[in-house]
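Visitor: One structure, as structure tokens, below. Some questions next.
The values are calculated or read from the model by the stated rules, or taken from the named source; none is laboratory data. Note that the structure is a prediction, hence the values are computed from the model and not measured. Quick reminder, even Gly has a Cβ in these numbers, built from the backbone with ideal geometry, and neighbours come from all protein chains shown.
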Amino acid sequence: DAGVIQSPRHEVTEMGQEVTLRCKPISGHDYLFWYRQTMMRGLELLIYFNNNVPIDDSGMPEDRFSAKMPNASFSTLKIQPSEPRDSAVYFCASSFGTGRYEQYFGPGTRLTVT
Amino acid sequence: SQQGEEDPQALSIQEGENATMNCSYKTSINNLQWYRQNSGRGLVHLILIRSNEREKHSGRLRVTLDTSKKSSSLLITASRAADTASYFCATASFSGSARQLTFGSGTQLTVLP
């Protein structure tokens, strides 16, 4: 089993540019989560989906951030325009909604905005 | 916001010793989970303990939960250099379709060979 797949693994961009992060969850999982991790703020939940529908986006920092899940095997997190303070590691995780509640994390995307 | 707070923030021990990390939380929970994060990697689930359980074991891991004190502890016995990582507790307060976890700030464990 491939686990949660994220791309790219590293992204360096200039302030003002659009950034798109991608995630493929584990097949059969019906929940998908996007997190951001920084030294200052730790691990923050940005948004999560159930059966491709956003359930809670209260963690999305501002309108520059948007996330979509067009189907059960793909999700994107977009930042437009990007700012230096968006620099962080972004994780995608997936899980089953019933029975087993542990989340499976991808390797993360390290974003640097200069 | 972070509900779980780990203590200590950093812990350094010798190989073979036991390591104990604590987690405190604020609201009622359905379950509490512990995760490990190696440097530069994603989090890996270690163990889950439900609110009606008091203790759980998995290999060299032992987790306890005291819901009256809103606290949990993770014990790693006979530690190895490979156990060096950050350890996070995460609380789950599920209702309806809500399935989010709230992660603490983590304990950085260093096991010296």
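Visitor: I'd like the residue in the stretch B:94-113 that is part of a strand (DSSP E or B) and without any contact (Cβ under 8 Å) to a residue 40 or more places away in the chain and, out of all such residues, is farthest from the other protein chains (Cβ to nearest Cβ).
Guide: B:Ser95
Visitor: Of everything in the stretch B:50-73 that's in contact with a Ser or Thr (Cβ under 7 Å, 6 or more places away or on another chain) and aliphatic (A, V, I, L, M), which residue is surrounded by the fewest Cβ atoms within 10 Å (Cβ to Cβ)?
Guide: The selected residue is B:Leu65.
Visitor: Residue by residue through the stretch A:16-43, note down the ones that are assigned to a strand (DSSP E or B), surrounded by 14 or more Cβ atoms within 10 Å (Cβ to Cβ) and within 13 Å of another protein chain (Cβ to nearest Cβ).
Guide: Answer for the stretch A:16-43, where residues must be assigned to a strand (DSSP E or B), surrounded by 14 or more Cβ atoms within 10 Å (Cβ to Cβ) and within 13 Å of another protein chain (Cβ to nearest Cβ): A:Cys23, A:Tyr31, A:Leu32, A:Phe33, A:Trp34, A:Tyr35, A:Arg36, A:Gln37, A:Gly42, A:Leu43.
Visitor: Just for the stretch B:94-113: of the residues that are surrounded by 16 or more Cβ atoms within 10 Å (Cβ to Cβ) and closer than 21 Å to A:Arg100 by Cα, which one is modelled with the lowest pLDDT?
Guide: Result: B:Arg99.
Visitor: Tell me whether the stretch A:53-66 contains one or more residues that are touching a Ser or Thr at 6+ places or on another chain (Cβ under 7 Å), of a type in the set (Gly, Ala, Ser), more than 27 Å from B:Tyr87 (Cα to Cα) and at pLDDT 95 or above.
Guide: no
For every residue, the table says whether it meets (1) within 14 Å of chain A (Cβ to nearest Cβ); (2) at pLDDT 95 or above.
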| position | (1), (2) |
| --- | --- |
| B:Pro8 | no, no |
| B:Gln37 | yes, yes |
| B:Gly40 | yes, no |
| B:Leu46 | yes, yes |
| B:Ala78 | no, yes |
| B:Ala92 | yes, no |
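Visitor: Restricting attention to the stretch A:58-74, and to residues there that are free of Cβ contacts under 8 Å to residues at least 24 places away in the same chain and within 22 Å of A:Ala2 (Cβ to Cβ), which single residue is surrounded by the most Cβ atoms within 10 Å (Cβ to Cβ)?
Guide: My answer is A:Lys68.
Visitor: Also: Just give me the residues in the stretch A:95-113 being part of a loop (DSSP other than H, G, I, E, B) and either hydrophobic (A, V, I, L, M, F, W, C) or more than 9 Å from chain B (Cβ to nearest Cβ) (or both), in sequence order.
Guide: A:Phe96, A:Thr98, A:Gly99
Visitor: Ok, one more. Report, ordered by the first and then the second residue, all pairs with beta carbons closer than 7 Å, sequence separation of six or more or different chains, a first member in the stretch A:97-114 that is among the aliphatic types (A, V, I, L, M), and a second member that is outside any loop (DSSP other than H, G, I, E, B).
Guide: Final answer for the pair search is A:Leu111/A:Glu11; A:Leu111/A:Val19; A:Leu111/A:Asp86; A:Leu111/A:Ala88; A:Leu111/A:Tyr90; A:Val113/A:Thr13; A:Val113/A:Pro84; A:Val113/A:Asp86.
Visitor: Continuing with the same structure: Name the strands (runs of 3 or more DSSP E) wholly within the stretch A:44-87 that hold at least 3 residues that are within 14 Å of chain B (Cβ to nearest Cβ) and not charged (D, E, K, R)?
Guide: The strands (runs of 3 or more DSSP E) meeting that bar are A:53-56.
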